Every structure is written in structure tokens, then in C-alpha cells.
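Take a look at the structure below.
The values are calculated or read from the model by the stated rules, or taken from the named source; none is laboratory data. All values derive from a computational prediction rather than experimental measurement. Here the Cβ positions follow ideal geometry from the backbone for every residue, glycine too, while neighbour counts run over all protein chains shown. These area figures cover heavy atoms from the full protein model, side chains too; ligands, DNA and RNA do not enter into them. Shrake-Rupley method; radii C 1.70, N 1.55, O 1.52, S 1.80 Å.
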Amino acid sequence: MLVTNKVLLDRAKAGSYAVGAFNINNLEFVQAITSAAVELDSPAILAVSQGAVKYAGFENLVSMVRTVSDNLNIEISLHLDHGQDMEIIKRCIDGGFTSVMIDGSNLSFEENMAVTREVVEKARPAGVSVEGELGRLAGIEDNVSVSEQDAIFTDPGEAAEFVEKTGVDSLAVAVGTSHGAYKFKGEAKLAMDRLSEIAAVVPVPLVLHGASGVNQEHVAIANEFGAKIGAAKGVPDEAISEAVRRGAAKVNIDTDMRIAFTAYVRKSFAGKPENIDPRKYLGAARDAVFEVVKAKMKLFGSVGKAFGG
Ligand code: G3H
Ligand code: 13P
Ligand code: ZN
């Protein structure tokens, strides 16, 4: 069944767990994530970026997710990740998505509020939920002063005003996470007090982007079979658990699945130069993503929470 992010996240906030948002670009990822949801009786958010729409095609993604959700006894949401193009956002609202993100985090506070409010006004009558973002996603860096670092994190007062004036259903915050495989040069740490301060004044569920852990075993397998992934570092599992305890109700994962998929495609070819069957190497990679997603659902506490638990 397809449901909105609001349904899933309001429940997660009330139950002090988080729902994973997992990026999809192709069938193998949809299968891996939804199979994990079925096996663990967990809700899941299938996140589609504008790049995914360009790569796979809008209708293909919507019909693939709709077909899977119609045929499986699971509760999932189809969500636009980092929407910035108003045409794509409108297409998602009208074309079968149950949730959209408007990412105005690179705009001024006032401009961000204006575009976000515009999206809420379009989405609400269609029953589609909206995620906004405030603050700049960047890691905590040792060579940047505390006050400079503080300025890029989400300000609790602004967050409260933003949510009240825009009417968003959830808010993505900047507390030291960043996208990709290279999140921290020094110690991997998040601004946990800041997260709690925001949670105390913002009534809607909070969202943690850039939350991949960067599994070093997967990095090692990828590198063993020819990848060149350097000093990659992600958010430790303990920090994710603490962030969920402090109010993160949606946790976004893409990089961890990408690394696992890459590692196992590469490994599949090793010693098998005759392998020309994509089902063999994509199948092995799909299995690896399935395991990654299950581990995340356990970490976020969403196991057994489908249909409200
Ligand atoms: O936050 C971005 C996601 O990892 C999606 O990445 O824009 O390359 O599809 P993408
Ligand atoms: P990662 O790059 O840490 O997986 O973050 C993904 C994300 O935030 C998608 O919106
Ligand atoms: Zn993101």
C-alpha cells in the first residue's frame, strides 16, 4: 500500500523510531528495499531524486513502485528527494507521488519560506505531504571555527518559524551530516545538542539527510576488486541511534547502498571473465543492498512498525 510520509513519520515521531528513506534508480533497488520491508514488517520510503527521474523516467518509476506496492503487503511512500525544479515537483504531486521534498536550503530564509509555502499550497489539496529543508548540509570540520560552523547548522528559532509559516509536514535539518562517502575529515560527530534544541521547538518530525555509515567492509571489498574509494567516512551507527532518540524520524540512505551494490558487482566479475549474464552480477548486488536495508531498519527501530505495528 502507498501512504504519505506524514502518515509514516507522525507515527514514527510518536513511537520514537525512524523510517528509512532509501534512494531508488532501478528495479533492483526497488526489489531490495521492498523485500527488506516485507521480511521485517517495516515501513519504508522510496526516495526518487531529480537525477533518478532523468535516468529511469518518471512514469517508469511511478508504475514500478505502484505495481510493487499493490502486490506486496507493505506500507511504503513514494517521495521526491531534494526537489528544486517546480515543474518536476508539480508532476510528482499530480502524478502519483505521496510525498515531495522542496529543497530551498540554498536560498535565503525568506526565499526558502516562499517557495516552500508555494509547494505546500499545491500539495495539500492533492493529499501529498511536504518536506522542507533549512540549514546547510556540511560535516563538522576541525579547522572551521565553532561560530562559523554553528552558522551553517539549522537555527532552532528559524526552524520553528519556518514550520509555522510554511505548513510543512516534516523538516530536514543540518546538524553535521553531509551527502556522499566523505563526510568527515576528522572525528565523525554530530551536533546532538542542536538537534535536541530543534526538536524541542519544532512540532513536526525531523529529517536527517546524509546519514550513511559508510561500511568499511564494503569499501574494502569494492577496493579489493578495483574501486578507488579513498578516506571515506560516514556517520557511526551509535550517532544515528542517538539522533533518532533525540527526534530524527526520517533517516536518508543512498551512499551505503551505492557502495554495497558497487562492491558486489565488482566482486561478481572477479575470476569469471565469461560472465555476461546481468542477472548474475546485478542479482548479487541486489542481495547486498537487501542486507544493507535490513540492517538500517533494525538500526532505526522500524522493524515490526508497518501498519502502525
Ligand atoms: O541526496 C541525494 C541522493 O543521494 C540522490 O543523489 O541526485 O545523484 O540521484 P542523486
Ligand atoms: P547519504 O549520501 O549519506 O546516503 O545521504 C543520502 C541522502 O541524504 C538522500 O537525500
Ligand atoms: Zn539528501
For this session: Take Glu242 and decide whether it is more than 16 Å from ligand 3 (Cβ to nearest atom) and open to solvent by 70 Å² or more (accessible area, probe 1.4 Å).
Result: no
For this session: Please specify each residue of segment 164-184 satisfying the condition of being open to solvent by 10 Å² or more (accessible area, probe 1.4 Å) and more than 16 Å from ligand 2 (Cβ to nearest atom).
Result: Glu164, Lys165, Gly167, Asp169
Problem set entry | From the options Ala227, Ala284, residue that is among the small types (Gly, Ala, Ser), without any contact (Cβ under 8 Å) to a residue 24 or more places away in the chain, surrounded by fewer than 18 Cβ atoms within 10 Å (Cβ to Cβ) and more than 13 Å from ligand 2 (Cβ to nearest atom) | Ala284
Problem set entry | Residue, nearest to ligand 2 (Cβ to nearest atom), within segment 256-268, restricted to residues that are farther than 12 Å from Phe225 by Cα and open to solvent by less than 20 Å² (accessible area, probe 1.4 Å) | Asp256
Seminar exercise, completed: Over segment 97-142, the set of residues more than 14 Å from Ala159 (Cα to Cα) and at pLDDT below 95 is Asn106, Leu137, Ala138, Gly139, Ile140, Glu141, Asp142
For this session: Kindly provide the set of residues from segment 185-220 that are of a type outside the set (Lys, Arg), within 16 Å of ligand 2 (Cβ to nearest atom) and open to solvent by 40 Å² or more (accessible area, probe 1.4 Å), ordered by number.
Result: Asn215, Gln216
Problem set entry | helices (runs of 4 or more DSSP H) within segment 216-309 that include 3 or more residues under 15 Å from Phe22 (Cβ atoms) | 255-269, 278-300
